[in-house]
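Engineer: One structure, as structure tokens, below. Some questions next.
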Amino acid sequence: MKKKSTIYDVAKIAGVSPSTISRVMNTPEIVAEDTRQKVMNVVKELAYIPNMMAANMPRRRTNYIGLIIPDITNIFFSNLVRGVQDVCEKHGYSVLVVNSDDNQEKEGRYLKLLYSRRVDGVILTVAGYREEEFPEEELSLLKKMNIVLIDREINGMTTPIVKVNNFAGAYSAVTYLLTMGHRKIMYLAGIKGTKTNQEREKGYLSVLKEAHINWKKELAADFRLDTAYQKIMYHWPRLKNSDELPTAIFAANDLMAIGALKAFAQLKVRVPKDISIIGFDNIPFSDCTYPPLTTIAQPTYLMGQKAVETLLKVIDKGKIKKSVEFETELIERDSVIRWEV
């Protein structure tokens, strides 16, 4: 087996000190261009990989950030990951991404793993169980770490969080449906225990209350495309011949809205002529559905960026706000039509 090159091997061949090698690898902007290029040529030739753990021992930094998300297949989180990685790379951090599958036990294991790896901080979107039931063991562990939450909150923690105004986003979605003549509006709900879903549900109910509309109907689909599809396929045959038949659906995320579109295509229900649909997120392919999906946009990439910027301030003990809240935007496409009574 070929012996691994060391910082001393690189320094000897490049004709510089080991400390210069360290500066080139960690703070290249302060090293002269010709020296930097000479060192990097040797690094490439020897396939040298610096020992970041050893380099950071004096300041007790690993230059790693953990990112725990519930569902990597959900493109909402994919955009968020990209925002996190881009800012981390700019600041010399690597990201350890783990997927909890919205599972409490798996999330707890990953928290312990990241803690044992001595990551400098963690960005966390908690699994979709009820936040008020967050296990005490994990809660205690979180309090020992540099943490920034993203999208979902944890009761009883003053941890900084980056999110959107979910209430206002839902409020604008349902208000838009009202202006388009809809009065029977179904809420296709996400995971019931999450603050995200609760705030969007409050926005939905608030609009109905202000408009003095007593009709309301909910189906819980857990933020998943397949669950939304199954719920519509199961319930629609009964709903279509009853007073509970909606003229519009507000889905708590785009994946559920797309699942509903899939079901309606199979059921021969025309969107938007027979029923209108509005989603939440504005994921990249929401304008590629048939019809293109009207939705509430939230800046997921910017949220990922802001989460890292906030976490770096936490790590450096800088002054931070408890919460960073972005506003949403209504994106009008073709899945909502004016309802004529």
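Engineer: Given a 1.4 angstrom probe, I'd like the percentage of the accessible area of the range 139-218 that is carbon and sulfur, rounded to a whole number.
Structural biologist: Carbon with sulfur: 51 percent of the solvent-accessible area.
Engineer: Then there's this: Counting only heavy atoms of protein chains, what accessible area per residue, in Å², does the chain have with a probe of 1.4 Å?
Structural biologist: Details: 17220 Å² over 341 residues.
Normalised by residue count, the accessible surface of the chain is 50 Å².
Engineer: Straight-line reach only, C-alpha to C-alpha below 19 angstrom: list the lysines that residue 322 could link to, leaving out same-chain residues fewer than 8 apart.
Structural biologist: List returned: 143, 144, 163, 195, 306, 313.
Engineer: Based on the Cβ-Cβ distance of residue 9 and residue 115, what FRET efficiency does E = 1/(1 + (r/R0)^6) give at R0 = 35 Å, to the nearest 0.05?
Structural biologist: Given R0 = 35 Å and the Cβ-Cβ separation, E is 0.55.
Engineer: Roll a 1.4 Å probe over the protein heavy atoms and report the accessible area of residue 88 in Å², nearest 10.
Structural biologist: Its accessible surface works out to 0 Å², give or take rounding.
Engineer: From the residues 260, 239, 72, which one has its Cα farthest along the dipole of the chain in the positive direction, the dipole being from +1 and -1 charges on Cβ of Lys/Arg and Asp/Glu about the Cα centre?
Structural biologist: Towards the positive end, the residue furthest out is 72.
Engineer: Still on this structure: For the chain, what does -39500 (n - 2.57) per DSSP helix run (n ≥ 4), summed and divided by total residues, give at 222 nm, in deg cm²/dmol to the nearest 500?
Structural biologist: Result for the chain: -13500 deg cm²/dmol, rounded to the nearest 500.
Engineer: Right, here's the next one. So what J values fall out for the range 68-78 if you push phi through Karplus, 6.51 cos²θ - 1.76 cosθ + 1.60 with θ = phi - 60°, rounded to Hz, Gly and Pro as x?
Structural biologist: Once rounded to whole Hz, the list reads 10, 10, x, 7, 5, 7, 7, 5, 4, 6, 4.
Engineer: Moving to a separate point now. Which option, (1) 83, 40, 39; (2) 90, 44, 42; (3) 70, 38, 37, is the value of Cα extents along the principal axes in Å that was calculated from these coordinates?
Structural biologist: (1)
Engineer: Write down the percent of antiparallel bridges among all DSSP beta bridges whose residues are both part of the chain, to the nearest 5.
Structural biologist: Taking every DSSP beta bridge with both residues in the chain, the antiparallel ones total about 10 percent.
Engineer: Once label points are set 7 Å from the Cα along Cα→Cβ at both residue 49 and residue 240, what is their separation, rounded to one decimal in nm?
Structural biologist: Here the answer is 5.8 nm between the modelled labels.
Engineer: So, taking all protein chains as they sit and a 1.4 Å probe, how much accessible area belongs to residue 161, in Å² rounded to tens?
Structural biologist: Only protein atoms counted, so the area is about 10 Å².
Engineer: I've got another one for you. For 176, 234, give the ranking by accessible area with the largest first, probe 1.4 Å.
Structural biologist: Accessible-area ranking of 176, 234, largest first: 234, 176.
Engineer: Please list the non-local residues whose amide H lies under 5 Å from the amide H of residue 249, H modeled 1.01 Å from N, same-chain partners needing a gap of 5 or more.
Structural biologist: HN-HN under 5 Å from residue 249: 186, 276, 277, 278.
Engineer: Next question, about the same structure. Pull up all non-local amide H partners of residue 223: gap of 5 or more, or a different chain, and H-to-H distance under 5 Å with H placed in the peptide plane.
Structural biologist: 190, 191
Engineer: Enumerate the amide H contacts of residue 326 below 5 Å, restricted to partners 5 or more residues apart or on another chain; note that Pro and chain-start residues carry no placed amide H.
Structural biologist: Here 163, 164, 165 satisfy the definition.
Engineer: Could you tell me which of 302, 196, 314 has its Cα farthest along the dipole of the chain towards the positive end, charges placed at Cβ (Lys, Arg +1; Asp, Glu -1), taken about the Cα centre?
Structural biologist: 314
Engineer: Taking θ = phi - 60°, what integer Hz values does the Karplus form 6.51 cos²θ - 1.76 cosθ + 1.60 yield along the range 197-207, in sequence order, with x for Gly and Pro?
Structural biologist: Along the range 197-207, the couplings run 5, 4, 5, 5, 5, 4, x, 4, 5, 5, 5 Hz.
Engineer: So for 152, 61, 183, what's the accessible-area order with a 1.4 Å probe, most first?
Structural biologist: The residues order as 183, 61, 152, largest area first.
Engineer: Something else now. Once you have the Cα-Cα distance between residue 143 and residue 325, take 0.36 nm times their residue separation minus that, and quote the gain in nm to one decimal.
Structural biologist: Length gained between residue 143 and residue 325: 63.3 nm.
Engineer: Additional query: How many angstrom lie between the Cα centre of the range 239-267 and the Cα centre of the range 284-341?
Structural biologist: If we compute the Cα centre of each part, the gap is 23 Å.
Engineer: Evaluate the relative contact order of the chain (contact order divided by residue number), counting alpha-carbon pairs under 8 angstrom at least 6 apart; express in whole percent.
Structural biologist: Numbers: 624 pairs, mean separation 58.9, N = 341.
Reported relative contact order: 17 percent.
Engineer: Can you give the accessible area of residue 118 in Å² (nearest 10), computed on protein heavy atoms with a 1.4 Å probe?
Structural biologist: So the heavy atoms of residue 118 present about 140 Å² to solvent.
Engineer: Kindly write out, for the range 281-288 in residue order, the coupling ³J(HN,Hα) from the Karplus curve 6.51 cos²θ - 1.76 cosθ + 1.60 (θ = phi - 60°), rounded to whole Hz, with x marking Gly and Pro.
Structural biologist: Karplus values, whole Hz, x for Gly and Pro: 2, 6, 5, x, 9, 5, 8, 9.
Engineer: So, one more: Under the definition of Cα pairs under 8 Å and six or more residues apart, what whole-number percent is the relative contact order of the range 168-211? Please report the intermediate quantities before stating the final value.
Structural biologist: Values: 27 pairs, mean separation 24.7, N = 44.
Taking the mean separation of contacting Cα pairs over the length of the range 168-211, I get 56 percent.
The values are calculated or read from the model by the stated rules, or taken from the named source; none is laboratory data. Remember, predicted model here, so these are calculated numbers, not experimental data. Here Cβ is always computed from backbone atoms with ideal geometry, including for glycine, and neighbour counts include all displayed protein chains. We work out accessible area using only protein heavy atoms, side chains counted, and drop any ligands, DNA or RNA first. Shrake-Rupley method; radii C 1.70, N 1.55, O 1.52, S 1.80 Å.
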